[in-house]
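Just so it is clear, none of the values below were taken in a lab; they were calculated from the coordinates. Being a predicted model, the structure only gives us computed values, none of them experimental. Counting neighbours? That spans all protein chains shown, and the Cβs are built from the backbone with ideal geometry, glycine included.
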Amino acid sequence: MDYNTQREKLRLPEYGRCIQEMVNYAVALEDKKERQRCAFTIIDLMANMQTFTGNPDDFYQKLWNHLAFISDYQLDIDYPVEIQHINEQEKKRERIPYPQKRIARRHYGSIIEQLTKKLTEMEPGAERDELTLLVANQMKRALANWNSNALDDEKILSDLAEYTDKKISLMPSEINLMSNKEALASVNQQNTSGGGKKKKKK
């Protein structure tokens, strides 16, 4: 079993590991148009995680600032706003609340529930397909972290279908999920990047 204290430190923990990994994915994309599209999708998801108050321009300015910060200012896109760097004091002031509701499948986490809800609201197309792949791969990482012996693409896609009320219903042959080896390597990298040995669950 993995412990968050042993994993890669999150730049803005309030958004969760899933958003951090989606940003990491966007940074690694070679095509700038794909990075741009992925960035807007992430911003949309981040917006859904917060309660909107005040001026919409200020709200989205903050989100873009957060996205740039999460990427350690490595995300090479054409930002729609001028990015304002965040310092440590601002991080403390801008905390967003953690979700308090009960999670149906705890090994996937609350962020996956929010992401799949977003999928049900999207029209079919390239953006939804891209987010579907991101979400399904994140579910696979989460499953690998929870129980490496339980990795099963059919189960992951079945869970995805249940999350989305069957609106996203795919067979393994219809989506290019990461391999089991890649999922386990991703988890192992997270476990070792924080240093120290894994604790045994008592």
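Please go through the residue pairs 33/140; 62/181; 33/155; 118/140; 9/32 and name each one whose alpha carbons sit more than 30 Å apart in this structure. Let's see the in-between values first.
Working: 33/140 26 Å; 62/181 37 Å; 33/155 32 Å; 118/140 18 Å; 9/32 26 Å.
Flagged as over cut-off: 62/181; 33/155.
Using R0 = 45 Å, the C-beta based FRET efficiency linking residue 149 and residue 50 works out to 0.75.
Using C-alpha pairs below 8 Å separated by at least 6 residues, the relative contact order for the stretch 111-163 is 38 percent.
The simple Förster model, with R0 at 25 Å and r as the Cβ-Cβ distance, assigns residue 165 and residue 57 a FRET efficiency of 0.15.
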